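The values are calculated or read from the model by the stated rules, or taken from the named source; none is laboratory data. Quick caveat, the model's predicted, so the values are computed rather than measured. Cβ sites come from the backbone with ideal geometry, for glycine too, and all protein chains shown count toward neighbours. Each accessible area value is taken on the protein alone, full model and side chains, heavy atoms only, with ligands, DNA and RNA left out. Shrake-Rupley method; radii C 1.70, N 1.55, O 1.52, S 1.80 Å.
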Amino acid sequence: MNKIKMIVTDMDGTLLNSKKEMHSETLSIIDKLIKSNIKFVVASGRQYFNLYNRFNDDRIIYVAENGSFIFKNNEIFSFSALNKNIVKEILKIVDTIDNTHVIISGKKSSYTKSIDDFIEKHFREYYSKIEIISNFEDIDDEICKIAIFNLDGTEKNVYPHLSKYSKDYSVTVSSFEWLDVFDLNINKGEAINLLKEEFNLKNDEIMIFGDYLNDLEMYSVSSETYAMENAHPQIKEVAKYIAPSNDEFGVISVIKEKFNI
């Protein structure tokens, strides 16, 4: 008998294929799961407004901004703000890194200084609600995440500049091009822990799917963990199972098999 009561999936590189598409059956399968009293959680580095636009379903739990912002039952369940002085300090450093762009996220919106065609292409995929501002200090909002984009790779070109903050903040390479900075006590794993406690779930009642380093902490919350075939080596090391790749829609194929959908 299937014990699973909650399914958690990352988006990019996991639920979505390389073209950022969902399997044609994804929404109907989620509907069937929820109607069978299985909670469905999307855990992503993406903005909440972006995630909601993809699914448009208040029954889904949205763990956005790598766990900094959790929406449940159409209201904020958890929000973790960064210290404004640290935000200023990090932004000052990032300004000195070549070919690097920044977008910062708050409760009300996300913010960046300018959007040309290049930035439009890379930012709009992950952020649906963006305000253009001339000065980050003018933002009247609580900030939960700094997202830094470098097309040549953030692990190599950005992380070394910010690694000194990793003792006090989460400095996480969330994909090849993106690095995120948020509260030290916040990550996707902690977010799922909050939900685990909220719903009084056990480790073997939670199914996890992920592919990259910002998913790593989730693998300690569950005993039913899957790494995508395309996952980062560290994720494959800690996962119990390997799912087919995101381009094979491995999340959906595993769910269909396990739940006979």
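Structure values in brief
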quantity	calculated
Whole-Hz couplings from phi, Karplus 6.51/-1.76/1.60, listed for the stretch 223-230; x for Gly and Pro	9, 10, 10, 10, 9, 5, 4, 8
Length released on extending from Glu131 to Glu155, taking residue separation times 0.36 nm less the Cα-Cα span	5.9 nm
Column: log10 I(q)/I(0), Debye, Cα scatterers of the chain, q = 0.12 Å⁻¹	-0.67
Accessible surface of Ile34 - all protein chains present, 1.4 Å probe, nearest 10 Å²	30 Å²
In order through the stretch 110-124: 3J(HN,Hα) via Karplus (6.51 cos²θ - 1.76 cosθ + 1.60), integer Hz, x for Gly, Pro	10, 9, 8, 7, 7, 9, 9, 4, 5, 5, 3, 4, 8, 8, 5
Cut-off under 5 Å, modelled amide H: who pairs with Lys145 long-range	Ser105
q = 0.10, 0.18, 0.20 Å⁻¹, the stretch 86-212: log10 I(q)/I(0) [Debye, one scatterer per Cα]	-0.36, -1.04, -1.22
Qualifying trypsin sites (Lys or Arg not before Pro) in the stretch 45-100, DSSP loop, other Cβ atoms within 10 Å at most 16	Arg59
Inter-centroid distance (Cα atoms) of the stretch 23-94 relative to the stretch 126-196, Å	15 Å
Furthest towards positive pole of dipole, Asn246, Met6, Gln234, structure part the chain, Cβ charges	Met6
Net charge over other residues, Cβ less than 13 angstrom from the Cβ of Lys3 (K, R count +1; D, E count -1)	0
Rel. contact order, % - alpha carbon contacts under 8 angstrom, at least six apart, the chain	21 percent
Using alpha-carbon coordinates, inclination of helix 250-259 to the longest axis of the chain, degrees	30 degrees
Per-residue ³J(HN,Hα) for the stretch 14-30, Karplus 6.51 cos²θ - 1.76 cosθ + 1.60, θ = phi - 60°, Hz, x for Gly and Pro	10, 6, 8, 7, 5, 8, 6, 9, 9, 4, 4, 9, 3, 5, 5, 5, 4
Inverse mean reciprocal Cα-Cα distance (Kirkwood Rh) of the stretch 172-259, Å	13.5 Å
The stretch 70-185 - percent relative contact order, Cα under 8 Å, separation 6 or more	26 percent
Acute angle (nearest 10 degrees) that the helix 84-94 long axis makes with the longest principal axis of the chain, alpha-carbon atoms	80 degrees
